[in-house]
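The values are calculated or read from the model by the stated rules, or taken from the named source; none is laboratory data. Values in this document were obtained by computation on a predicted structure and should not be read as measured data. We place every Cβ from the backbone using ideal geometry, glycine too, and count neighbours over all the protein chains shown. For accessibility, only protein heavy atoms count, side chains too; no ligands or nucleic acids. Shrake-Rupley method; radii C 1.70, N 1.55, O 1.52, S 1.80 Å.
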There are 2 protein chains.
Amino acid sequence: MAALNVLNFWALLLITVSVCNGWLFENFGAYRNREADEVALWPLPQKFQTSGAAFQLSAASFQIVHAKSSTAGPSCSLLQNAFRRYFDYIFGNVRKHGINQKKVFDSELAELQVLISSSDPECDGYPSLKTDESYQLEVDTPAAVLKAANVWGALRGLETFSQLVYEDDYGAHNINKTSITDFPRFAYRGILLDSSRHYLPLKTILANLEAMAMNKFNVFHWHIVDDQSFPFLSRTFPDLSQRGAYHPYTHVYTPSDVKMVIEFARMRGIRVIAEFDTPGHTQSWGKGQADLLTPCFSGSSPTGTYGPVNPILNSTYDFMTRFFKEVSTVFPDAYIHLGGDEVDFSCWKSNPDIQKFMVQQGFGQDYRKLESYYIQRLLDIVSATNKGYIVWQEVFDNGVKLKADTQLHVWKEKPQYQDEMARITAAGFHTLLSTPWYLNRISYGQDWQGVYKADPQNFNGTTEQKKLVIGGEACLWGEYVDATNLTPRLWPRASAVGERLWSDENVKDLGSAYNRLIKHRCRMVRRGIPAEPLYLGFCPHEYDGL
Amino acid sequence: MAALNVLNFWALLLITVSVCNGWLFENFGAYRNREADEVALWPLPQKFQTSGAAFQLSAASFQIVHAKSSTAGPSCSLLQNAFRRYFDYIFGNVRKHGINQKKVFDSELAELQVLISSSDPECDGYPSLKTDESYQLEVDTPAAVLKAANVWGALRGLETFSQLVYEDDYGAHNINKTSITDFPRFAYRGILLDSSRHYLPLKTILANLEAMAMNKFNVFHWHIVDDQSFPFLSRTFPDLSQRGAYHPYTHVYTPSDVKMVIEFARMRGIRVIAEFDTPGHTQSWGKGQADLLTPCFSGSSPTGTYGPVNPILNSTYDFMTRFFKEVSTVFPDAYIHLGGDEVDFSCWKSNPDIQKFMVQQGFGQDYRKLESYYIQRLLDIVSATNKGYIVWQEVFDNGVKLKADTQLHVWKEKPQYQDEMARITAAGFHTLLSTPWYLNRISYGQDWQGVYKADPQNFNGTTEQKKLVIGGEACLWGEYVDATNLTPRLWPRASAVGERLWSDENVKDLGSAYNRLIKHRCRMVRRGIPAEPLYLGFCPHEYDGL
């Protein structure tokens, strides 16, 4: 994907270093200079040059401004909000501006000019899989310049700029002369949070969107409902949350809540992809929607328990049509995650009506065919809303006929994910990887290293196949996680996934990653995210929560 | 230890149930009634009777008061603070008192009278290993009565009383007619926190002391210094923290901080036992105290690195004498933890002066003898301060001659801790167990169950040997833990240890424990402790932090 990869770049630098007087060049595989260690960029940019020449930034006079030739201006609230956010990150919420109109010295960086070049800066748009997130950043006096085609690249560049600023021993803010050209290796860099196994307060979700932006993630996969609870308040079917949530109003996401999450994410260049998983994982749906789930039988008597969505009733498809019509308007993203994993056939098998239907359809005893029947009708329903879809790998494994633009989400440990990625891409489908990134699974020690080493393109396949890998996703399933422990469990372990998905594939030196990541986690802590320690040590500014 | 154990008690109740009209009796092994489930006592009291008769508590009129015949009164600030704390826990910081002087109805509980019977209630004292923590609680109208010999038993009873209060569906506070006789199974019920691998802010330590009181723990084992940092500010040797802490003033515990921790713990009936581990685990000591550590050699040249405390210099013992003299006055508890674990002999072996000393002393090549030499001199120094000591099991394993009242702390996985407990008690020493309770070790799933099953008296030995087990300690070593993740990692996993050490040995039904513990953790959450979930579900009042 990268035009000029890091190793080639490094080789080129070795040739040119003698003529570039005053520049310090970085080998990404082995960080060596103090400045680079101080700033601890995470994820590492694709191309990065820095020099020992340092400029000071004054909280009283430094400004982030729209460049004169930018197509965006002060009416672009997405950028205005980002300017404020990054100013606060850099100066620690100090507000001195205007009080001290001092002279700007030669060694001082007066401003960062943000230059958006596209005729449409997309200030009011949403990011998508096709979004150009590249940017260029030149830090030099009198002004640094951040160039990007649109606001999305500018957001990534602002994060990088804020990471370049460091405090010297006197507490003064410094930034070194730097030149960066950066773009993501993968277009899809996601985090899954599960608000069904435990309800997650908005505060927790928003804090994690903040942390995602600090790590250049761009997809929030919201596994919003599941067997345990249905906190999504549907205007069309309010009984779903009224009866299916843990509590009908304290443990639900109202339409306003959902809008706030989507807008908060948009301001950070993050897509919100909601998952409404069917036909399995739907116990909570049944509480507020009669006849949606399959009644299970013992012999000829209903047991009173229910299985997956009932695939043989027209009412099921009527419900899904109305429900996904609403979902497609509530969530602006072009994709919906439709689940399709772990369908347990035992209840279907027990049900006499379903047995009859199997015979009528000529499915024999192959319940995968019944599952495919349901999924295909569902996919048609969702397609009619003009949405694309993502499904878990079982949908592919079970032979469901899929639209060419379907994205398959790999999560299982068996068969090996490398083989699954190879099969899916050989069939021409886009895929994203989660198997090595189930961060709900914890163990004692530095497990971020295994997370960091995994690579979604590390499978046997052609270049064409590799190109079908759109990225990956760190999943934090909610069985053992709620607001009390979610954030430190996820960060900085998810940061390892963030660098894997953003930086060049050759950025994989564990020592360099460790040195940068311990500083990056302290940076997150300083910004209010209780990211847990990787190992021994301390932060200059420790977490001051509980 | 228990005069009348739970199963005998239950058998007795089966006989008497017909005459005790209106009482509901609980089999501790299998909770069955809603009232008991609602209140979810944790740890379970030794003897517990409850009835369906419920009384209401009004925040406007309910009072916790000193009984007329109590030897303690309003000048007992320990109890006054506890009254406020438990009033707040019960009513959620509501302050209505005096506004509404309404009539007290028959079905209302007007007050809880706290009756201290000893001539010295110990209001200004410190708890000790010999402290009587037993209490009796009778909840009936018009007033509930909590009887205890001293304030320490009263604190345990107040916690139990607060756990008995539940909210009905209308949010009204209720308590059922109840009779409890309670006392701890073990006298030593500890939690180890490690403030060396990561500095722990006071706020974090105090919050965990709060949580300890909620679980009837009574020892805070403060592993205050280690190789990585020396945050204890010694007045005698201020360079130890000045040079050995992560930061000389932001990452230290000043004498005031230490006092505050000790007083905060005392108010909750918790002893503070500081650990100053030598001769190993002392790298940080060497930074602020010249010649304390052994210089390591490569052949005949010093390498510039240092090993354990240098055991052959008189200056070492002079230092230890002055240092432990200070420690013995700073920490009022009768015991100091002296460590003594994991001494690496390689540096001692490399040092020519030590080699000579070994020959002079006739130790041959047995460096365990050198270690014993050091430890025995240290024990004499500490004994001279009139303190008792706790040491890790290696000190016993290495054959150090120990005072009869030495307490040996078992932590190693090999040899099996059951065998070690048997050996130590066979030699007539007191012991406490930590091996199965290293809660820094994490794994995916409900690992609290294994923690809960472990029993410190489960080894082959005589009744006399079993009596030498004074209790146990949950350890949260700090390699991967700081303020960001400590509290949810410790709680409610440590609660499982809390019940094991307090309740009758027959209280071990996992189903009952699960049902009570999920509610107990929600109670901790409501009281502001971010205790993590055991598994699926929700709390009526979720954590509202990050």
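When the listed pairs B:Lys130/B:Lys508; A:Lys325/A:Lys467; B:Lys130/B:Lys453; B:Lys203/B:Lys519 are checked against a 28 Å cut-off, the alpha-carbon distance exceeds it for A:Lys325/A:Lys467.
When A:Thr303, B:Thr329, B:Thr294 are compared by accessible area at a 1.4 angstrom probe, the order from most to least is B:Thr329, A:Thr303, B:Thr294.
Please average, across the residues of B:187-193, the number of beta carbons from any other chain that are within 10 Å of each residue's own beta carbon, and give a whole number. Don't jump to the answer; show the numbers that get you there.
Values: counts 0, 0, 0, 0, 0, 0, 0.
Mean shielding count: 0.
Each listed q (0.06 Å⁻¹) maps to a log10 I(q)/I(0) for chain B from the Debye sum over equal C-alpha point scatterers, namely -0.32.
In whole angstrom, how far apart do the alpha carbon centroids of the range A:418-495 and the range B:424-481 sit? Spelled out, the Cα-based centre of one part sits 37 Å from the other.
Just to confirm the filter: which GluC sites (Glu not before Pro) across the range A:385-445 are DSSP coil and have at most 13 other Cβ within 10 angstrom of their Cβ? Loop-located and lightly packed - A:Glu413.
Listed by chain and number, the aspartates and glutamates whose C-alpha is less than 12 Å from the C-alpha of B:Lys177, apart from same-chain residues fewer than 8 away, are B:Glu35, B:Glu108, B:Glu138, B:Asp140. For chain A, the 222 nm mean residue ellipticity estimated from helices alone, with every DSSP H stretch of n ≥ 4 adding -39500 (n - 2.57) and the total spread over all residues, rounds to -10000 deg cm²/dmol.
Candidate cross-link partners of A:Lys287 among the aspartates and glutamates, defined by an alpha-carbon separation under 20 Å and a same-chain spacing of 8 or more, comprise A:Asp194, A:Asp226, A:Asp227, A:Asp239, A:Glu275, A:Asp277, A:Asp318, A:Glu326, A:Asp344. Given R0 = 56 Å, the distance between the Cβ atoms of B:Asp318 and A:Glu342 translates into a calculated FRET efficiency of 0.25. Beta bridges per DSSP, both residues in the protein assembly as shown: antiparallel share near 40 percent. Using a simple spin-label model with pseudo-atoms 7 Å out from Cα toward Cβ, A:Asp257 and B:Ser383 lie 6.5 nm apart. Calculated FRET efficiency, A:Asn398 to A:His247, Cβ-Cβ distance, R0 = 35 Å: about 0.45 to the nearest 0.05. With a ≥ b ≥ c the root eigenvalues of the C-alpha gyration tensor of the range B:342-388, is it rounded (a/c under 1.5), prolate (a/b larger than b/c) or oblate? Since a/c reaches 1.5 and a/b is larger than b/c, the shape of the range B:342-388 is classed as prolate. Would you work out if the range A:309-445 is rounded, prolate or oblate? Take a ≥ b ≥ c from the square roots of the eigenvalues of the alpha-carbon gyration tensor; rounded if a/c is under 1.5, else prolate when a/b is larger than b/c, oblate otherwise. Cα axes put the range A:309-445 in the oblate bin. Take the Cα of B:Ser128, go 7 Å toward its beta carbon, and the backbone nitrogen atoms of the range B:323-357 under 14 Å from that spot belong to B:332-336.
Put a dot 7 Å past the Cα of B:Arg84, heading toward its Cβ, do the same for A:Lys414, and the two dots end up 6.0 nm apart. Under the criterion of Cα pairs below 8 Å and six or more residues apart, the relative contact order for the range B:127-242 equals 22 percent.
Helix B:202-214 and the long axis of chain B differ in direction by around 50°, with both axes built from C-alpha atoms.
If R0 equals 25 Å, the separation of the Cβ atoms of A:Asp106 and A:His541 corresponds to a calculated FRET efficiency of about 0.25.
The mean sequence distance of close C-alpha pairs (under 8 Å, at least 6 residues apart), as a share of the length of chain A, puts its relative contact order at 15 percent. For the pair the range A:120-183 / the range B:138-197, the C-alpha centres are spaced 57 Å from each other. Shielding of peptide A:476-483 by partners, expressed as the average count of other chain Cβ atoms within 10 Å per residue Cβ, is 5. Mean partner shielding of peptide B:485-492, defined as the number of other chain Cβ atoms within 10 Å of each residue Cβ, is 5. Association of chains A and B removes close to 4100 square angstrom of accessible area from solvent, both sides included, for a probe radius of 1.4 Å.
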